[in-house]
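Working notes, structure below.
The values are calculated or read from the model by the stated rules, or taken from the named source; none is laboratory data. Small disclaimer: the values here were computed from a predicted structure and weren't measured. Please note: Cβ atoms are built from the backbone with ideal geometry, for glycine as well, and neighbour counts cover all protein chains shown. Note: accessible area is taken over every heavy atom of the protein model, side chains too, but ligands, DNA and RNA are not part of it. Shrake-Rupley method; radii C 1.70, N 1.55, O 1.52, S 1.80 Å.
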Amino acid sequence: MRHEHGWQLRALLMPPRRRTRSGQLDGLPNSEFVGSMSNDFQIDDADRAIVEQLRLNGRATNQQIANTLGLTAATVSARIRRMEEANKLRVVAVSDFSAHGYNVLMEVAIEVDGRPATDVIEELVQFPEVFAAHLVTGRYDIDILVALHDFDELPDLFLNKFGKIPGIRSMVPAIAVDVIKYKFDVAPIDAREEA
Amino acid sequence: MSAAQLDELDRQLIEALARDARVSNRKIALDLGVTEGTVRGRIKRLQQDGLISFTAITSFGLADSARMAFIGVEVNVNDVRSVAEKIAELPAVNAVMITMGRFNILAICLFNSLDNLLEVASDQILSMPGVHHVETSIAVKTVKYNARVVRITAADRARIEVLDDDA
């Protein structure tokens, strides 16, 4: 419970945001939620309606969307392109955990000791098994989501991989026995994805 | 969570569509050196098996919900599934897992103010019958994150079938 009253201070003391290598390794968005967005990009009701249709079916044709919304296909196409080019929108295929053969999912709360948590997390995210990693407030310092193909991978990950990272005092898992929902339709979009 | 039988072509297809879902079947077929019919058939099968779905990810909603929080929930074991399903219906909640460990349910939510988080964690979740305790932890910084891998639910699959029928 040692951080119970200290998190606000810790948040203020957190070093400035910096780019990490992990995002480039897996080609995925890799920024914090605040700070990277500019507010000069305006969207109107037509944009919102188009996005709503794309959330329902990202493969709907411009003509189908246009018919539903009473717009022209050219307008739909131009609106989508404008949002995509401004890195405000990605229309993508999302895939289920099982498509990747991930049969084991667990959340692990990590307590760090004697080393900045920002350094420890940088080492953790180098492992592909670490699916998501956040610095958090509260009793623990780091919260990660681990995705494995099989429980057999667990000893090696915990003992040989995580075990060699200095500064980890304890790791407490919560093993997912069922994933009821896991879908983020609002996410940081990073320009480097274009590469 | 069962292991899916995917071959190399399925994986290449998923990778291409994860970058941009609006690319034409013709372009994908050309890039991967297969016929358009193969691409169409594979996409249909992957969708029907609940392995992929097509959606829009936006960043402009971030102005409204800028922070992520982890809410650990302790629930009567008998009530775990029904409570997890009720939590999953809350619009601010993006992920819900039934877990073994420090708590029975882990919910991940996006919020824009501490009042907003309090409403979700304390007012909505804590007041559900069977819930004993909630423990909230706020993500100060996200270092790694993947919005492309998700849980495709039975409800998602049913919606895809409805769309197919309409087409």
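Assorted remarks:
- Considering (1) outside any strand (DSSP E or B); (2) of a type outside the set (S, T, N, Q); (3) modelled with pLDDT under 95, the lone condition that residue A:166 does not fulfil carries the number (3).
- Selection from region A:125-143 of residues that are buried (at least 16 other Cβ atoms within 10 Å of the Cβ) and more than 8 Å from every other protein chain (Cβ to nearest Cβ): A:127, A:129, A:141, A:142
- Within region A:93-117, tally of residues that are assigned to a strand (DSSP E or B) and touching an Asp or Glu at 6+ places or on another chain (Cβ under 7 Å): 6
- Among the residues of this structure, residue A:76 counts as one that is open to solvent by less than 40 Å² (accessible area, probe 1.4 Å), of a type in the set (Val, Ile, Thr) and either assigned to a helix (DSSP H, G or I) or more than 25 Å from residue A:145 (Cα to Cα) (or both).
- Screening residue A:189 against (1) assigned to a strand (DSSP E or B); (2) within 11 Å of chain B (Cβ to nearest Cβ) leaves a single unmet condition, (1).
- Restricting A:122, A:107, A:111 to residues that are among the acidic types (Asp, Glu), touching a residue at least 40 places away in the same chain (Cβ under 8 Å) and touching a Lys or Arg at 6+ places or on another chain (Cβ under 7 Å) narrows the list to A:111.
- Residue A:108 farther than 30 Å from residue A:53 by Cβ, within 7 Å of chain B (Cβ to nearest Cβ) and open to solvent by less than 10 Å² (accessible area, probe 1.4 Å): no
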